[in-house]
1. Could you list the square roots of 5 times each eigenvalue of the Cα gyration tensor of segment 1-100, that is, the equivalent ellipsoid semi-axes, sorted largest first and rounded to whole Å?
2. Stretch Thr247-Ala229 to full length: gain in nm at 0.36 nm per residue minus the Cα-Cα span?
3. Along the charge dipole of segment 39-121, which of Val54, Leu79, Tyr101 sits closest to the positive end, that is, farthest toward it, with unit charges on the beta carbon of Lys, Arg, Asp and Glu (+1, +1, -1, -1)?
4. Could you sort Ile226, Ile258 by accessible area so the largest value comes first, with the probe set to 1.4 Å?
5. What percentage of the solvent-accessible surface of the chain, computed with a 1.4 Å probe over protein heavy atoms, is contributed by carbon and sulfur atoms?
6. In nm, to one decimal, how far is the Met1 label point from the Thr184 one, both placed 7 Å along Cα→Cβ?
7. Which Rg and Dmax, in Å, describe the Cα atoms of segment 30-179?
8. Out of every Cα pair in segment 126-277, what percent are spaced more than 20 Å from each other?
Amino acid sequence: MKLDITVSQGRVADKVSGVNEGAARIGRALERRYGATGQFIGRAALPARDDWRVSLSQARNTLDGLSSAIAASVAAGNLPVMVANTCAASLASLPIAAREYPDAVVLWIDAHGDFNTPATTDTGYLGGMVLSAACGLWDSGHGAGLRSENVVLIGARDIDQAEGELLQDACVRVIPPKEVTPETVMAAIAGARVWIHLDWDALEPGFVPADYKVPGGMTPAQLRVIFEAIPSAQLAGIELAEFQAGTDDEADERAVSIILDTIAPLLERGRDGAVRA
């Protein structure tokens with residue numbers, strides 16, 4: 001299946017510098033490794049710690065561009081791979097996934113639930129409300145339609161009390177890091193198509209730099225064996241978010257190498273499903 005690489009480069013609630021460059025680095029690395037040409041969407045803007053209403057308005061053009069690119073990829077029968085500066089970019093992609101694959105399971109691999117709403121958030125951060133918007137708990141203006149019972153949180157361990165109640169009421173399944181195995185994940189998928197969202201803070205701090213550092217996370221090897229277990233025929237889309245590049249090129253390249261190696265089982269399979277690299 002052809003890869004369609006889409007890279008978010010406009011500010012989508014970016015709070016810190018480096019996440020835009022981090023997305024660009026991953027996008028360019030994917031281009032080199034897989035011989036694909038990526039679509040880089042949006043114009044960079046300075047990071048800010050602003051209210052979700054401000055950042056949502058600022059991100060509109062970027063989100064619309066990402067949505068169009070993902071929709072075109074799915075319509076062409078290709079595999080969309082979105083590389084995002086922040087998880088909030090999924091406001092653009094998840095409604096497409098819900099529309100085109102209504103029975104698909106969304107594996108939301110993240111240290112957080114991202115299931116707050118404007119009524120429950122105590123930070124006002126847009127990225128902490130993206131999954132709930134896709135499930136229709138509030139209106140982002142970019143669509144919804146994702147069935148919450150089809151969402152599985154993988155590796156989540158930093159969930160607000162009010163957010164936890166919303167997750168429970170919405171029947172979102174949560175698999176904490178210590179319980180994340182190929183067996184538990186495949187049982188949750190149960191033969192459905194799979195849309196994967198991966199925020200690098202799901203990992204134990206120290207592997208891939210991310211804005212949030214939440215101890216008790218997974219390892220790249222732990223994620224890789226899960227990805228090896230997912231049949232390629234079931235894979236519908238991939239999202240990678242929140243790699244925070246720094247000022248040390250060697251350190252950034254090491255992180256990119258970890259990223260590419262971790263997701264390789266999803267992208268490098270022969271027709272028989274065997275992992276080639």
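1. 23, 17, 9
2. Taking Thr247 through Ala229 to full extension adds about 2.9 nm, to one decimal.
3. The one lying farthest along the dipole's positive direction is Val54.
4. Working: Ile226 10, Ile258 50 Å².
Most to least solvent-accessible, the answer reads Ile258, Ile226.
5. Answer for the chain: carbon and sulfur cover 50 percent of the accessible area.
6. Simple spin-label model gives 2.6 nm for this pair.
7. Using the Cα atoms of segment 30-179, the pair Rg, Dmax is 15.4, 45 Å.
8. 54
The values are calculated or read from the model by the stated rules, or taken from the named source; none is laboratory data. Since the model is a prediction, treat every value here as computed from it, not as a measurement. Note: ideal-geometry Cβ built from the backbone for every residue, glycine included; neighbour counts use all protein chains shown. Accessible surface is based on the protein model in full, side chains and every heavy atom, while ligands, DNA and RNA are left aside. Shrake-Rupley method; radii C 1.70, N 1.55, O 1.52, S 1.80 Å.
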